[in-house]
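Asker: Have a look at this one.
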Amino acid sequence: MMKANLRSWVLALLAIVLVAPQVRAAVEIDITRGNFKPVPIAISDFDADNPQALKIGTDVAAVIRADLERSGLFKPADPKAHIQSPAQMRVQPRFQDWRVINVDALVNGRIEMQADGRLRGEFRLWDVAAENQMTGLALFTTPDNWRRLAHLIADAIYKRVTGEDGYFDTRIVYVSESGPPDRRVKRLAIMDQDGANHRMLTDGRFLVLTPRFSPGQQEITYLSYFNEKPRVYLFNIDTGQQELVGDFPGMTFAPRFSPDGNRVIMSLASDGNSDVYMMDLRTRQRQRLTTDPGIDTSPSFAPDGRRITFNSDRGGTKQIYVMNADGSDQKRVSFSQGRYSTPVWSPRGDLIAFTKEYQGQFSIGVMRPDGSGERILSSNAVVQEAPTWAPNGRVLMFYRETPSNAQGRGQRVRLISIDLTGFNEREIPTPADASDPAWSPLSALVR
């Protein structure tokens, strides 16, 4: 685990020293259209003057290629097809060499070991047709944090070409599952969004459920059954310290943070009825927001904190509702056939993701906050649920249960990502079965 004093170096990364003017280039993507061809791009291995830095430069380029390819918006060229070597591009690329392999964009860079022990990485993004530099950065970190440097560079490339924030320098917290069905061990785990840097956060002695990131701190809130009693905890990722928020008999879902991080919203069960409550983390005072006889669960804040979406069966079947943050103006917004659950508001505020069950199919979809524009992104005959948003609001992750063999015996539980086009679906590697993913916000990345 990286020490805290080294993490502070990482925060000094954004020293922008390279600097070409931001020339408007032909290499651009409109990611709202949905029917586009991935941008052909070449990412050269990063140049260096010593073997250690050269190895890191090769690894950094590989991670950048993987990030951009996994987004579905870029098509990295095979490095074996590259004509010009990294050393030959120290001054400027020979653009004719890159046009030969039919790429529109080119990335090259350099890795240097500094006298103070830090790693310096710089890169340039070029428009091959226009022969212009589109952007460039120099970043500083520790040698063992080279993967994060690569993710930050991939984010910068993604943003320059798409106009949207990237999501590669993020993490996923989830529930790692192991053991037989009747003795399932569930542990809190965390990893980078690409499955790297995986580690366990809890030891598995007590059941954990539905972890969620805080919006701007290194904390996770989750539900744990301590001695068969449901308790809500705050977990500090850096220190490993846990803080008990409270004992809530009959809790059905773990809480989510408000956008300002000062409150949590949750579902509490009493006498067979579940309602939505808000708790102020500073005073520990609770406010009841729903009083309907139905079961109200799975609340999620809008990014501006003014509204809340939740799931309720008050109309006879599970549907999605929206209300103001004080509990007023409760409205049903889902009206298509099927049962809806686990609504989650997009960080952009424009969509609500959900799980839907209808005629034996389990679907992950999105709709506008007023219920219009419903679109199904993934539908399957096996259970899939619990969507979570990437912080740029363009990609979702969820978990899927599938039979582990052809006879349908056993079960695999895996994390799946999919973008808003519904075409770019990927499995995220985890050491064991995985469920209940939660994507970190961009503001919660201190390591």
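The values are calculated or read from the model by the stated rules, or taken from the named source; none is laboratory data. This structure is a prediction, so every number in the text was calculated from the model and none was measured. Positions of Cβ are backbone-derived with ideal geometry, glycine not excepted, and every protein chain shown enters the neighbour counts. Heads up: the accessible areas ignore ligands, DNA and RNA and are worked out on the full protein's heavy atoms, side chains in. Shrake-Rupley method; radii C 1.70, N 1.55, O 1.52, S 1.80 Å.
Asker: Which of the residues that make up the stretch 35-44 are in contact with an Asp or Glu (Cβ under 9 Å, 6 or more places away or on another chain) and either open to solvent by 10 Å² or more (accessible area, probe 1.4 Å) or at pLDDT below 95 (or both)?
Answerer: Matches in the stretch 35-44: PHE36, PRO38, VAL39, PRO40.
Asker: Here are some residues: GLY179, GLY216, GLY166. Which one is surrounded by fewer than 19 Cβ atoms within 10 Å (Cβ to Cβ) and either among the aromatic types (Phe, Trp, Tyr) or more than 21 Å from ARG414 (Cα to Cα) (or both)?
Answerer: Exactly one residue qualifies, and that residue is GLY216.
Asker: Moving to a separate point now. Select the strands (runs of 3 or more DSSP E) contained entirely in the stretch 312-364, then report the ones holding at least 1 residues which are open to solvent by 60 Å² or more (accessible area, probe 1.4 Å) and either of a type in the set (Lys, Arg) or without any contact (Cβ under 8 Å) to a residue 40 or more places away in the chain (or both). So that I can check it myself, show each step before the final result.
Answerer: Numbers: elements: 319-324, 339-345, 352-358.
So the answer is 339-345, 352-358.
Asker: Turning to a different aspect of this structure: Where in the stretch 190-296 are the strands (runs of 3 or more DSSP E), entirely inside, with at least 1 residues that are of a type in the set (S, T, N, Q)?
Answerer: In the stretch 190-296, 207-213, 219-226, 229-236, 242-247, 263-270, 273-280, 286-288 are the strands (runs of 3 or more DSSP E) which contain 1 or more residues that are of a type in the set (S, T, N, Q).
Asker: Name the single residue, out of those in the stretch 97-146 being under 22 Å from ALA77 (Cβ atoms) and among the basic types (Lys, Arg), that is most open to solvent (accessible area, probe 1.4 Å).
Answerer: ARG99
Asker: Could you tell me whether ILE190 is under 15 Å from the mean Cα position of the chain (by Cα), open to solvent by less than 20 Å² (accessible area, probe 1.4 Å) and of a type in the set (A, V, I, L, M, F, W, C)?
Answerer: Details: under 15 Å from the mean Cα position of the chain (by Cα): yes; open to solvent by less than 20 Å² (accessible area, probe 1.4 Å): yes; of a type in the set (A, V, I, L, M, F, W, C): yes.
Yes.
Yes/no matrix, rows are residues, columns are (1) farther than 30 Å from ASP127 by Cβ; (2) open to solvent by less than 60 Å² (accessible area, probe 1.4 Å); (3) in contact (Cβ under 8 Å) with a residue 24 or more places away in the chain:
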{"position": "THR170", "(1), (2), (3)": "no, yes, yes"}
{"position": "VAL173", "(1), (2), (3)": "yes, yes, yes"}
{"position": "ASP194", "(1), (2), (3)": "no, yes, yes"}
{"position": "PHE206", "(1), (2), (3)": "yes, no, no"}
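Asker: Next question, about the same structure. When VAL395 is evaluated against the numbered criteria (1) in contact (Cβ under 8 Å) with a residue 60 or more places away in the chain; (2) open to solvent by 20 Å² or more (accessible area, probe 1.4 Å), which criterion, by number, is the only one it fails?
Answerer: All conditions are met except number (2).
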